[in-house]
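K.L.:
The structure under discussion is supplied below as structure tokens; questions concerning it will follow.
The values are calculated or read from the model by the stated rules, or taken from the named source; none is laboratory data. Remember, it's a predicted structure, so these values are computed and weren't measured experimentally. Here the Cβ positions follow ideal geometry from the backbone for every residue, glycine too, while neighbour counts run over all protein chains shown. When the accessible area is computed, the model is the full protein with side chains, heavy atoms only, and any ligands, DNA or RNA have been set aside. Shrake-Rupley method; radii C 1.70, N 1.55, O 1.52, S 1.80 Å.
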Amino acid sequence: MLVLSSPSGAGKTTISRALMAEEPNLTLSISATTRPKRPGERDGVDYYFVDHPRFEAMVKAEDMLEHALVFGNRYGTPRAPVEAALEAGRDVLFDIDWQGTQQVSSRMPRDLVRVFILPPSHAELERRLRTRALDPEEVVQERMAKAADEMSHWDAYDYIIVNRQVERSVAEVKSILTAERLRRDRQVGLTEFVSRLRSAA
Ligand SMILES: Nc1ncnc2c1ncn2[C@@H]1O[C@H](COP(=O)(O)OP(=O)(O)OP(=O)(O)O)[C@@H](O)[C@H]1O
Ligand SMILES: Nc1nc2c(ncn2[C@@H]2O[C@H](COP(=O)(O)O)[C@@H](O)[C@H]2O)c(=O)[nH]1
């Protein structure tokens, strides 16, 4: 499970989309949210857009792997698709905040790789939030006001990427994926493989 977190507007969604296009063994976890749909967003593609009672019912039924209140809206990761993907041997990419990361970390610490994305500067973060032009002015202001608080969680992550140039950041996340997939404890069937190699020697 590969988690990307950042202050709003630093570039997680942009990096995730590029990664999904280049990494065939990666499944994107689609979150459920009570936030209103932005122009161009599609239900079941960008998010599952649900109302508050439906979200609460999913939480009660323990259908969420994690959930949090972010900028006054509820967000959560539906558990079943993640479990199915992992069961099928696929890696799963999450675009979730620090609260969700903390919850997944405490439940499944060994299976998780946490990456925090930083903007190159405060001014560039604001520029990105504004030029995205998908949120009303008061939402942009609220997100800027909370950026410092969100960034205070950077040291709970395994890797830090400063997102200056999208292509470079994507390449860096791909390097992390490659290295983490090569970890001894993540390679399935390695003991038997080495054992066969040794007995043939
Ligand atoms: N390296 C970059 N250089 C310039 N612009 C970028 C870069 N990365 C992302 N952007 C732009 O910044 C804006 C915000 O990016 P994006 O929506 O990916 O952020 P996010 O971290 O997913 O935000 P949120 O947390 O609100 O979902 C978009 O308009 C995107 O095109
Ligand atoms: N804890 C969770 N956080 C989530 C989830 N899905 C998204 N998010 C985070 O919310 C903010 C805002 O997202 P936006 O799409 O409204 O801009 C951002 O930090 C996301 O990472 C989730 O399932 N759980």
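K.L.:
Can you tell me which condition V173 does not meet? The list is (1) within 18 Å of N25 (Cα to Cα); (2) part of a strand (DSSP E or B); (3) of a type outside the set (D, E), and all the others hold.
P.N.:
Condition (2) is where V173 drops out.
K.L.:
For region 91-127, what are the residues that are modelled with pLDDT of 95 or more and charged (D, E, K, R)?
P.N.:
D91, D95, D97, R114, E124 - these are the residues of region 91-127 that are modelled with pLDDT of 95 or more and charged (D, E, K, R).
K.L.:
Could you tell me which of the residues R54, R17 is more than 9 Å from ligand 2 (Cβ to nearest atom), closer than 22 Å to F116 by Cα and among the charged types (D, E, K, R)?
P.N.:
None of the others qualify; the one that does is R17.
K.L.:
Sticking with this structure for a sec: Please specify each residue of region 28-45 satisfying the condition of being open to solvent by 40 Å² or more (accessible area, probe 1.4 Å), touching a residue at least 12 places away in the same chain (Cβ under 8 Å) and either among the acidic types (D, E) or not in a loop (DSSP other than H, G, I, E, B) (or both).
P.N.:
Answer for region 28-45, where residues must be open to solvent by 40 Å² or more (accessible area, probe 1.4 Å), touching a residue at least 12 places away in the same chain (Cβ under 8 Å) and either among the acidic types (D, E) or not in a loop (DSSP other than H, G, I, E, B) (or both): just L28.
K.L.:
Please enumerate the residues belonging to region 145-161 that are within 11 Å of ligand 1 (Cβ to nearest atom) and open to solvent by less than 50 Å² (accessible area, probe 1.4 Å).
P.N.:
Residues satisfying the conditions are A147, E150, I161.
K.L.:
Starting from residues that are more than 17 Å from Q99 (Cβ to Cβ) and more than 18 Å from the chain's Cα centre (by Cα), keep the ones in region 46-55 and report whichever is surrounded by the most Cβ atoms within 10 Å (Cβ to Cβ).
P.N.:
Among those residues, the one meeting the criterion is V50.
K.L.:
Under 7 Å between Cβ atoms, at least 6 apart or on separate chains: pull out the pairs that start in region 83-110 with a residue that is under 25 Å from A18 (Cβ atoms) and part of a helix (DSSP H, G or I) and end on any residue that is open to solvent by 50 Å² or more (accessible area, probe 1.4 Å) and within 13 Å of ligand 1 (Cβ to nearest atom).
P.N.:
Short answer, once both residue conditions are applied: none.
K.L.:
Take R186 and tell me if it is buried (at least 16 other Cβ atoms within 10 Å of the Cβ), basic (K, R), in contact with a helix residue (DSSP H, G or I) (Cβ under 8 Å, 6 or more places away or on another chain) and within 21 Å of E23 (Cβ to Cβ).
P.N.:
No, not satisfied.
K.L.:
Report, by residue number, each residue of region 86-98 that is among the hydrophobic types (A, V, I, L, M, F, W, C) and more than 15 Å from ligand 2 (Cβ to nearest atom).
P.N.:
Within region 86-98, L86, A88 meet the criteria.
K.L.:
Just the residues that are within 12 Å of ligand 2 (Cβ to nearest atom), of a type in the set (D, E) and assigned to a helix (DSSP H, G or I), please, taken from region 116-145.
P.N.:
Answer for region 116-145, where residues must be within 12 Å of ligand 2 (Cβ to nearest atom), of a type in the set (D, E) and assigned to a helix (DSSP H, G or I): just E142.
K.L.:
Moving to a separate point now. When V113 is evaluated against the numbered criteria (1) more than 10 Å from ligand 2 (Cβ to nearest atom); (2) within 22 Å of K37 (Cα to Cα), which criterion, by number, is the only one it fails?
P.N.:
The failed condition is (2).
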